[in-house]
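Comments concern the structure below.
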Amino acid sequence: MFSNLPPVTKALLIANGLVFLLQLWLGEPALAQFELWPPVGGDDPYAYTFLPWQVVTYGFMHGGWPHLLFNMLTLAMFGAPLEHVWGQRRYFTYYLVCLVGAAVCQLAVGAWTVSQGGEAYPTVGASGGIFGLLLAYGMLFPNQRVMLLIPPIPMKARTLVIVYGAIELLLGITNVMPGVAHFAHLGGMLFGWLLIRYWRGQPPFGRKGPPRMRVVR
């Protein structure tokens, strides 16, 4: 299966795996400045500050083996078909936009949390890009049937995207699962949706409705 993956998807899998091994080898403190930190400092003297490269580097770091394996499995499942359709350049551009867009949303949430007296904590993981890929798969292949892992229920890709988006929004608002960047996941989906709309020339970027015909006399 790995040998049949398209090149960008394969490169992303390798990069995430190598960075995770580097995390295990060097330890989290040595790489803390590559995690995504809120743009404003809290009261914690051990908290780092936000640095521009973090909007990309955080997406290649993970908090543990389950986190890494789930993201990489999803990347292989949904990323490979998209790369075959879009090509390498557009696919890689889309993934980076989703990753950075997720970081922007998480920075806003982190700044608000610290301003309310909350703790400044870092964010890691490729989930923002992964959720963007999930949304793109649902838009390009809406009627394709996919199988959930937990629970093992088959459903259309479009339904899967709606369900996952609704769950992330609910968990983010209620804070039932603290420590998970739900709004970063939603940010990846939002920026992915906007980019696809831009490519298609659809609102809010393109003309609304079909182009009008002109009669030349």
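Taking the range 140-157 as the range and being in a helix (DSSP H, G or I) and surrounded by 17 or more Cβ atoms within 10 Å (Cβ to Cβ) as the test, only 157 passes.
Somewhere in the range 35-49, is a residue out of contact with any strand residue (DSSP E or B) (no Cβ under 8 Å at 6 or more places or on another chain), closer than 19 Å to residue 130 by Cα, of a type in the set (Gly, Ala, Ser) and surrounded by fewer than 17 Cβ atoms within 10 Å (Cβ to Cβ)? Within the range 35-49 (the criterion being out of contact with any strand residue (DSSP E or B) (no Cβ under 8 Å at 6 or more places or on another chain), closer than 19 Å to residue 130 by Cα, of a type in the set (Gly, Ala, Ser) and surrounded by fewer than 17 Cβ atoms within 10 Å (Cβ to Cβ)), the answer is no, since none of the residues qualifies.
Looking at the range 115-128, is at least one residue surrounded by fewer than 24 Cβ atoms within 10 Å (Cβ to Cβ), over 19 Å from residue 181 (Cα atoms) and aliphatic (A, V, I, L, M)? Within the range 115-128 (the criterion being surrounded by fewer than 24 Cβ atoms within 10 Å (Cβ to Cβ), over 19 Å from residue 181 (Cα atoms) and aliphatic (A, V, I, L, M)), the answer is no, since none of the residues qualifies.
Residue pairs whose Cβ atoms lie under 7 Å apart, sitting 6 or more positions apart in sequence or on different chains, and linking a residue in the range 86-114 that is free of Cβ contacts under 8 Å to residues at least 40 places away in the same chain and within 13 Å of residue 132 (Cβ to Cβ) to a partner that is of a type outside the set (Gly, Ala, Ser) and surrounded by fewer than 21 Cβ atoms within 10 Å (Cβ to Cβ), do not occur here.
Residue count for the range 21-42, restricted to those that are at pLDDT 90 or above, in a helix (DSSP H, G or I) and within 17 Å of residue 67 (Cα to Cα): 4. When 51, 69 are checked against the criterion of being part of a helix (DSSP H, G or I), under 25 Å from residue 192 (Cα atoms) and not polar (S, T, N, Q), 69 stands alone in meeting it.
The values are calculated or read from the model by the stated rules, or taken from the named source; none is laboratory data. Since the model is a prediction, treat every value here as computed from it, not as a measurement. Methodologically, a virtual Cβ is constructed for each residue, glycine included, from the backbone with ideal geometry; neighbour enumeration extends over all protein chains shown.
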